[in-house]
1. Taking the options Ile278, Ile299, Ile320, Ile338, name whichever one is under 29 Å from Ala48 (Cβ atoms), open to solvent by less than 40 Å² (accessible area, probe 1.4 Å) and at pLDDT 95 or above.
2. Looking at (1) within 14 Å of the ligand (Cβ to nearest atom); (2) open to solvent by 20 Å² or more (accessible area, probe 1.4 Å); (3) without any contact (Cβ under 8 Å) to a residue 24 or more places away in the chain; (4) under 26 Å from Met18 (Cα atoms), which one does Gln285 not meet, given that it meets all the others?
3. Would it be correct to say that Glu208 is outside any strand (DSSP E or B), touching a helix residue (DSSP H, G or I) at 6+ places or on another chain (Cβ under 9 Å), closer than 20 Å to Ser265 by Cβ and in contact (Cβ under 8 Å) with a residue 24 or more places away in the chain?
4. I'd like to check which helices (runs of 4 or more DSSP H) are fully inside region 402-458 and have at least 2 residues that are modelled with pLDDT of 95 or more and over 25 Å from Ala334 (Cβ atoms).
5. Can you tell me which residue is farthest from Val288 (Cα to Cα) among those in region 240-269 that are open to solvent by less than 30 Å² (accessible area, probe 1.4 Å) and within 12 Å of the ligand (Cβ to nearest atom)?
6. Given (1) over 27 Å from Pro346 (Cα atoms); (2) within 25 Å of the chain's Cα centre (by Cα), identify the lone condition not met by Ser52.
7. Kindly evaluate Thr196 against the criterion of being closer than 24 Å to Leu305 by Cα, among the polar types (S, T, N, Q) and either surrounded by fewer than 23 Cβ atoms within 10 Å (Cβ to Cβ) or within 11 Å of the ligand (Cβ to nearest atom) (or both).
8. Working only within region 177-193, note down all residues that are open to solvent by less than 10 Å² (accessible area, probe 1.4 Å) and outside any helix (DSSP H, G or I).
Amino acid sequence: MKITIIGAGPGGYEAAIMAAKLGAEVTVVEKNKVGGTCLNVGCIPTKALLASADILTTSLEAEKFGVFNEHTSADLKQINERKDKLVSGLVKGIEFLFESNGVNLVRGTGHLINPKTVSVELSDGGLETLVSDKILLATGSVPICPELFHYDGVRVITSTEALALNKPPKSMIVVGGGVIGCELGQFFSRMGTQITLVEMAPQLLPFEDDDVAKQLLRQFKREKIKVMTGSSISDVSVTDSGVEVTLENGKSIATEMMLLAIGRSSYASGLNLEKLGIKVDTKGQLVVDDHLETSVPGIYAVGDLINTPYLAHVASKEGIIAAENMLGHNKSGAHKAIPRCVYTDPQVAAVGLTEKEAEQKGIIYKTGSFDFRSLGKAQIIGKIQGQVKIIVNQEDIIIGASIIGPEATDLLAELTMAVHLGLTAEALGDVIHPHPTLSEAIMEALHDVHEKSINKAPLRF
Ligand code: FAD
């Protein structure tokens, strides 16, 4: 079986390796670096920057732990050098995995010619034609930049340019209080930039739990990040010295730079979708069935290109399932329990339904919660902000969970498993959690669903 994959982001590269492991002859076409958005301008570089910001914050607070460090400062250029080195090491890692699994990498831009043929404009000139039995499209997404904002990559930037700034701007307006806006807004604030964050919805992280959003807002205010929720921008002008923004309420803001973080749209440029009759939805996202096959038999699609959450772990899971299906398996269910993570400080992580969503669906639910401040481990590491909240249905099955607090993104794995497997709060709460660890907050929140949390402070005492 011959398979051609266009795009080597997490969707494409994991599909390639899985298909090769299952015995296919695989060629991947990639016009930039392998690893895609996630590795080069997304998940990995942002988290590398945030890791430096964490070290800075910890170092500035070291005295609280009896540790003295007189000369703490940050240099964005050196932070970026570390990040770039880390990224290029991981890029090489994927190239090595391709080589060792016998995956053929063709560097260039792929275009669909028919359901069996891809033509490649090679990066170093010339054309190559690839004929295969099945094709996987994994070309990802690009930032949304409406004309109103006059994106120029200098004064008005996206996350891609933000990741390459070697000097923090004096001031920056961040448009969008979703994941990318919150993560990069807090990062630049910690680098010394005066941040004004404008979000159209009434809360930060509009799709997350209200309590979580409120706690994050409190932290941002503590850090002097100016947050304007329920605000939209009606006009933008770019000058030599910066950006001037007028809000719909008439107020204006002038800053040195503007970061656009209002979402991403799927990227299918040059794929000839229309010519081949591949169906797309109103947002230009490819329509696929449960097996991740498009409307044209033999052509599959995964990741940010299709109508599923734009997340690297979703793309990877879809890539693996698509590879299996291209090789004759009958897999579905890529989207049973999707973890959602925000790497701010404190971190935010959630899976399944929020309370608001449970209400909208008319589900009769109960919650259990536990604050980190009541936990020994949180006190030990000096990170007492935040809580775990668990939502169960009438059968006690865990249908959602939200965490805001230390290591929330790692802690979420246990609750993702619970939602995926349909575990009850009682069953998961019966599991012994090691002491002293942050995971005990999950155990206490599970016990709290049945009002049996030993360590939860009563409301009145
Ligand atoms: P991509 O990673 O976008 O890869 C697509 C690849 O296809 C690219 O390499 C592109 O060059 C290539 N390509 C496109 N067209 C062609 C063509 N015609 N021919 C050849 N090659 C082509 N997700 C998380 O889960 N966790 C995070 O912490 C996280 N943080 C993020 C932070 C930022 C700043 C951003 C922007 C995104 C973040 N994401 C995160 C989202 C994540 O990066 C994407 O969901 C993921 O990369 C999508 O994978 P993909 O394989 O679908 O596409």
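The values are calculated or read from the model by the stated rules, or taken from the named source; none is laboratory data. What you see is a predicted model; the values in this text were computed from it and never measured. Using ideal geometry, Cβ is built from the backbone for each residue, glycine included, and neighbour counts are taken over all protein chains shown. Each accessible area value is taken on the protein alone, full model and side chains, heavy atoms only, with ligands, DNA and RNA left out. Shrake-Rupley method; radii C 1.70, N 1.55, O 1.52, S 1.80 Å.
1. Of the residues listed, the single one that is under 29 Å from Ala48 (Cβ atoms), open to solvent by less than 40 Å² (accessible area, probe 1.4 Å) and at pLDDT 95 or above is Ile338.
2. Going through (1) within 14 Å of the ligand (Cβ to nearest atom); (2) open to solvent by 20 Å² or more (accessible area, probe 1.4 Å); (3) without any contact (Cβ under 8 Å) to a residue 24 or more places away in the chain; (4) under 26 Å from Met18 (Cα atoms) one by one, Gln285 breaks only (2).
3. No; evaluated as a whole, the condition is false for this residue.
4. 425-429, 440-449
5. Among those that are open to solvent by less than 30 Å² (accessible area, probe 1.4 Å) and within 12 Å of the ligand (Cβ to nearest atom), it is Leu259.
6. (1)
7. The answer is no for Thr196.
8. Within region 177-193, Gly177, Thr193 meet the criteria.
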